[in-house]
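Below: one structure, written as structure tokens.
Just so it is clear, none of the values below were taken in a lab; they were calculated from the coordinates. If you're wondering where the values come from, they're calculated on a predicted model, not measured in any experiment. Glycine also receives a Cβ, built like all others from the backbone with ideal geometry; neighbour counts cover every protein chain displayed.
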Amino acid sequence: MSDEVPTEPMDDQTHADNEPPMETPADPAASEPAATEPAGDPSPFTDAEPDVVAEPATVPAAESAAEPEAAPSEPAATMPLELYFLRHGDAGDPMTWTGDDADRPLSKKGRRQSKNIMRLLDDLHLRVDAVLTSPKLRAADTAKIVAKALGKKAHADDRLGIDFGEAALAGLLAEWGPSVHRVVLVGHDPDFSHLVSWLAGTSITMRKGALARLDLADRTVGAGHGSLRWLLPPDAVAD
């Protein structure tokens, strides 16, 4: 990521050399597994829009500590990885834009599409570990709007800005570590259409403002290793 998701006590008690240790009756309750409380609801919807945050190549310990997540009920290696690919919303005609392409903003239509996705994710009460975005303005603005519903800050990563493929995805996920299980990725085409198609083993087109969920059961970034759970077209959510 560049630019912007117990120890056992020691028994120190000793017994006399010639005196056998006293036996204590076994506590039946001790053999029973502790009840696990279900994870709580995600952070409540807030009015303040989180900013897009530029991140270094590794996740800072302070950032990880600031947003603790509930401990998983099963080992991280066996939990599937949920990837949410969100192509940025409409940003007008690039042929009529006279400035730097990286500074091309969302159009009114693009902001409406992004806010519709924001409302959908808020209704789903989706809890994610990270929101990662291309630093280009149209993607960063999309990520900022959507992150509001998720109670997260959007972290900009240059790799999502151009030529985002399987190697870049694998490297990015490796840096965030095995404790990350749900990740929203905001970026561009043709990168997203190629990557999602490669992971799912079928042809998929990501239109502007589309959102796809793809699960990696064994967390392996490889051809055909992904299971496409759903693909929402940009106008699937009504205004």
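Descriptive notes on the structure:
- Highest to lowest packing among 213-220, 136-143, scored as the average C-beta count within 10 Å: 136-143, 213-220
- Shape call, the stretch 81-232: gyration tensor on alpha carbons, a/c limit 1.5: prolate
- At an R0 of 35 angstrom, the distance between the Cβ atoms of residue 217 and residue 158 translates into a FRET efficiency of 0.75.
- Relative to the current alpha-carbon distance between residue 97 and residue 228, full extension at 0.36 nm per residue lengthens the span by 43.7 nm.
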